[in-house]
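Down below is the structure, laid out as structure tokens.
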Amino acid sequence: MKLFYSNNSPYARKIRILIDEKKVAVTLEKVVLANKNCTIHEYNPLAKVPTLVVNDISIFDSPVIAEYVDHKSGPLYLIPSDFDKKILLKRWEAIADGLCDAAVAIMLEKRRPASQQNSDVFEKQMKKIRLSLKWLNREMEGKQYYLEDTFSYADIAVGSALGYVQLRYPEIDFKNEYLNLYDLYELLMQRPSFQTTVPEPYL
Ligand SMILES: N[C@@H](CCC(=O)N[C@@H](CS)C(=O)NCC(=O)O)C(=O)O
């Protein structure tokens with residue numbers, strides 16, 4: 001199995017953390033998406049990371065890869081098989097991914113020439129970020145981990161999104177505004193899987 005990832009992709013970080021937690025033997029292949037020679041489109045027509053290649057079959061996107069990795073790597077499962085629990089977890093992953101989508105959209109808008117930037121984009125996407133953080137923070141009230149207070153892929157997905165938002169928007173004061181999420185990320189950052197995949201500034 002080979003996982004194509006890029007350094008700061010929060011979607012790829014989720015998968016790298018899951019792979020590490022489950023001790024799955026995967027070759028990690030770092031790509032630079034901006035590089036003209038990047039061959040990721042040969043494995044994924046959408047040319048996105050993460051992409052997992054298993055016996056010449058490409059698997060994407062990150063929620064599908066996560067299901068595959070967790071299911072194939074056996075106990076302890078980090079995605080529950082119970083349907084209702086799984087839907088709760090998947091909805092958390094959806095918010096986490098949406099949070100990343102909004103953060104990426106702002107970053108891409110910032111990269112456009114100043115004269116072409118649209119302030120509506122910043123406002124609309126920042127509102128999604130703030131509302132999602134508020135929602136997640138409320139869901140974490142009184143809990144250490146999200147699902148049945150036990151570490152799961154839900155925490156990995158949200159933890160990865162939090163790391164990305166913190167990297168891109170250091171002005172957001174998690175400790176004062178979203179204390180439950182601040183505590184969750186501090187707890188997750190004690191795990192080697194989170195420490196070794198922490199996003200790097202300015203990449
Ligand atoms: N929904 C996808 C999102 C993946 C995604 O957008 N990855 C970004 C990197 S952070 C990417 O590959 N962007 C390249 C592009 O959109 O062309 C997933 O969860 O895997």
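When the chain is described by a simple charge dipole with +1 on each Lys and Arg Cβ and -1 on each Asp and Glu Cβ, the residue from L136, Y77, P50 located farthest towards its positive end is P50. Given +1 at the Cβ of Lys and Arg, -1 at the Cβ of Asp and Glu and no other charges, the dipole of the chain around its Cα centre is 440 debye to the nearest 20.
With a 1.4 Å probe and all protein chains left in place, how much accessible area per residue does the chain have, in Å²? I get 54 Å² per residue for the chain.
Since only F174, G159, V198 are under comparison, the one whose Cα sits farthest along the positive direction of the charge dipole of the chain, derived from C-beta charges on Lys, Arg, Asp and Glu, is V198.
Highest mean first, what order results for 95-104, 135-144 on Cβ atoms within 10 Å? All intermediate terms of the calculation are to be shown ahead of the outcome.
On the way: 95-104: 20.7, 135-144: 13.9.
Ranking, from highest mean packing down: 95-104, 135-144.
For segment 47-203, carbon and sulfur atoms together expose 53% of the accessible surface, with a 1.4 angstrom probe and every protein chain in place.
For the options K90, K124, K36, a Gaussian network treatment of the chain with springs between C-alpha atoms closer than 10 Å singles out K36 as fluctuating the most. For I59, the residues 5 or more places off, or on other chains, whose built amide H falls under 5 Å of its own are L52, V53, V54. Restricting attention to segment 1-76, close to 60% of DSSP beta bridges with both partner residues there are antiparallel. How would segment 2-72 be classified by its alpha-carbon gyration tensor: rounded, prolate or oblate, with rounded meaning a/c under 1.5 and the a/b versus b/c comparison settling the rest? Because a/c hits 1.5 or more and a/b exceeds b/c, segment 2-72 counts as prolate.
Please report the antiparallel percentage of the DSSP beta bridges confined to the chain, to the nearest 5. That works out to approximately 60 percent antiparallel. Hydrophobic, long helices, defined as DSSP H runs whose alpha-carbon span along the helix axis is 18 Å or greater and whose mean Kyte-Doolittle value is at least 0.0, occur in the chain at 83-110, 153-168. Think of it as helices only: each DSSP H run of n ≥ 4 in the chain is worth -39500 (n - 2.57), and spread over all residues that comes to -16500 deg cm²/dmol at 222 nm.
The values are calculated or read from the model by the stated rules, or taken from the named source; none is laboratory data. Everything quoted here is computed from the prediction, not taken from an experiment. We place every Cβ from the backbone using ideal geometry, glycine too, and count neighbours over all the protein chains shown. The protein model used for the area step is the full one, side chains on, heavy atoms only, and it has no ligands, DNA or RNA in it. Shrake-Rupley method; radii C 1.70, N 1.55, O 1.52, S 1.80 Å.
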